[in-house]
Amino acid sequence: MTIPLTVIKRRLVLLLLFSLIFSITLIGRLFWLQFVRGDELKQRAHDQWTKDVMVEPVRGTLYDRNANPLAVSATVDTVVASVPDIGDIEKTAEMLAPALDMDKAKLVETLKKAKEGNKASIYIKRKITEEESKAVRELNLKGIYFTKETKRFYPERNLASHLLGFTGIDSQGLDGVELYYDKYLRGTPGRIVSETDALSRKLPFGVDKYIPPEDGFDLVLTIDKVIQHIAERELEKVLAKYEAKRGIIIVMDPRNGEILALAAKPDYDPNEFNKYSPKDWRNPAISDSYEPGSTFKIVTISAALEEGVIGEHEHFHCDGFIYVNGVSIKCP
């Protein structure tokens, strides 16, 4: 039985039509992947076989007017877990938690989640103390390693704490001068780009690319450390004498307006700022309203001279007083 020519032609047309549709679909899909989503997919592929490790810049140092350091950055240890290398999570957490003053249950949960998520490494505790570092090293636990980071230290502790402020775990300014000038102090991070396998493990013969960090700028303040010490010492004496809750002393150079000291009590230690209440961080010298006192006499006298009410060489004698809330206030 022979197939009619019309049927053959119809089948050929259908075959060509399906081939055309398939070709258009394939070309459209290739166009979509190559040109529309090309950059996105290229980045995803790059992320799968490379790993970026941030290289932290050194934060700029804060100095007083005589080049005495008030805030410095020091190199400290950070504890890192290589998750695939940890055998017994429970035992590791049991030994590690006391050394780092951490909760064992939370540490176990963190390690298990990392293992279930196929993570290559995680931070255990960042920027630890020398005592914690020594304790962890003595344990010599499998899969527990150290990396170096920088941590902010304030060698004068409470001195000018309201003025200086403090930084966070990532060395970012959170308060005071540290916050206000953060964009100059923090610097620009660098990177190490490494070729890795599917588990984010570095390839033995992979190529590394190193982009160095740019350290932050140093900053010299108008504060004089000696004058600041004296101001804070005298302020403590006055508070104790009059049983006052708080007090402020500001010392200014009248020739140019430079602030030589800015003392406020009670204060805090910026090395351990998280042990204090947020209200203790506030700088009352610039955030609270208070009477200007005798310093405002300059404004009064200036206005009187300008209006011609008094003469330049005129003298006054005042021996009067008024009572305010039962307290006698005399002319100074």
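None of the figures in this text is laboratory data; all of them are computed from the coordinates on show. In this text the structure is predicted, and so the values were computed from the model without any measurement. Note that each Cβ is placed from the backbone with ideal geometry, even for glycine, and that neighbours are counted across all protein chains shown.
Take F217 and S302, extend 7 Å from each Cα along the Cα→Cβ direction, and tell me the distance between the two endpoints in nm.
The modelled label-to-label distance comes out at 3.0 nm.
Pick out, from G308, A263, N274, the residue whose Cα sits farthest towards the positive end of the charge dipole of the range 258-322, with +1 on the Cβ of Lys and Arg and -1 on the Cβ of Asp and Glu.
N274
Tally Lys/Arg at +1 and Asp/Glu at -1 over every other residue whose Cβ is under 14 Å from the Cβ of R282; what's the total?
Here the count lands on 0.
For the chain, what is one quarter of the convex hull surface built on the Cα atoms, given in nm²?
38.3 nm²
Rounded to the nearest angstrom and ordered from largest down, what semi-axes does the equivalent ellipsoid of the range 247-332 get from its C-alpha gyration tensor (root of 5λ)?
For the range 247-332, the ellipsoid semi-axes come out as 37, 19, 10 Å.
About the Cα centre of the chain, what is the dipole size in debye to 20, counting +1 per Lys and Arg Cβ and -1 per Asp and Glu Cβ, all else neutral?
Roughly 2400 debye, rounded to the nearest 20.
List the GluC sites (Glu not before Pro) in the range 290-332 that DSSP assigns to loop (not H, G, I, E or B) and whose Cβ has at most 12 other Cβ atoms within 10 Å. Which are they?
Within the range 290-332, the qualifying GluC sites (Glu not before Pro) (loop, at most 12 other Cβ atoms within 10 Å) are E307, E312, E314.
Counting other beta carbons within 10 Å of each Cβ, put H317, H229 in order, fewest first.
H317, H229
Could you give the dipole magnitude of the range 205-298 about its Cα centre, charging the beta-carbon of Lys and Arg +1 and that of Asp and Glu -1, in debye to the nearest 20?
480 debye
Which one, A240, T110, V136, projects farthest toward the positive side of the charge dipole computed for the chain from Cβ point charges (K/R +1, D/E -1)?
Toward the positive end, the furthest listed residue is T110.
Please go through the residue pairs K241/K330; K106/K142; K113/K279; K148/K275 and name each one whose alpha carbons sit more than 29 Å apart in this structure.
Listed pairs above 29 Å: K113/K279.
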